[in-house]
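One structure is given here, and the rest of the page talks about it.
The values are calculated or read from the model by the stated rules, or taken from the named source; none is laboratory data. All values derive from a computational prediction rather than experimental measurement. What goes into the accessible areas is simple: the full protein's heavy atoms, side chains included, and nothing from ligands, DNA or RNA. Shrake-Rupley method; radii C 1.70, N 1.55, O 1.52, S 1.80 Å.
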Amino acid sequence: MTFTRGARITGVVLCAALAVVVTAWIVRDLRVTNGPLALWWHWADPGAAAVAPPPVTTPADLVLLAVYAVVAVTAGRSAVAASAIFATGLLTVAVRLPQLWVLGSSWTDGRVPDGLRTRALYCAVGALGAGVLLLVTAAAGRRAPGAAYGRTPTRPTQGVSVAAFLLLGSAAGVWAAWEVHWGLRLGLRAYLDRLTGESALMPLLGTPPGWLNVVTVLLCLVAAVGALFHTPFSRPLGMTAAALLLGAGVPALATALRYDRLTHLGALPAVELLTLVSLLLGLCAGCGALAALAREGEEETPGARPPGAAWGRPERYGDPYGYGQGYGHPAGGGGSGGGFAPPPSSGPPPRR
């Protein structure tokens, strides 16, 4: 299947609009925190310093901005534009959906102004609407290729598929193990609060930690399995999942370097040590998967020859004289429908 020009333009416009909204919130936080460095350390280590009024964005917003910008730039020409737009819409819906109930939670009362919370709710609803439109655009914009050898979505190569499966699959396993750990340690009720964000203190536009981890696990698993079967959607979906891993790993690495934790790993408590190691492993897995999946995949063209057949070369069986092997002519039949090979003779040449 190919992707129509109108659907590409629609996807680019929606991604650009979403990028503008996220940029506006980040600019607001830059003004509140007096610079990008202070905002970065608030993202990486929220408990280090209190800012009044507090920032409303998180590293997930930076991931969303990067995804929107890349898709808006590349969707006009990319062979996997439909899958990239679908992955962007899926990520938007998954990250913004909890804000519909988080922004009405009791912990936001008095912590942020009502006007700011109202604007955040409007932006969340708008982002969800745009995410759904991206999903619809990706599904409705697919068409059968008009040309006999038109460009179709590319698939990851064999080596890339194996690497993406191992990296994303291992990251999904680690993230899932941590969620099982917290579920057993906190109990059902407390874990549901971690999952829904009902009682979690976090930035206004933040995503509940349990919810975000579950989303990361699901995206990594689907992308890993898709890569194993060489599906076209596995490349953009895998890069999206890798971006989430980077969004969690880079702040953890920055905080560890700031407090010199890497040289004193033995002094860290067990849970903190395992958490840091898991985040760093996720960072490495995300970098590796992103580098592998960013490579151009194998392109398949409609009407491609089966294995063993070549241009102008008759197949070994079924058509020994090359009928139907011409350039675009239908197989079978004589006259003008045949290929360039001479017709078979009726018998052996006469003896003289």
Task: For segment 144-235, accessible area per residue (1.4 Å probe, heavy atoms of protein chains only), Å² - done: 48
- [ ] Rounded to whole Hz and in sequence order, give me ³J(HN,Hα) for segment 57-73 from the Karplus expression 6.51 cos²θ - 1.76 cosθ + 1.60, θ = phi - 60°, writing x for Gly and Pro.
- [x] 9, 9, x, 4, 5, 5, 5, 4, 4, 5, 5, 4, 5, 5, 5, 4, 7
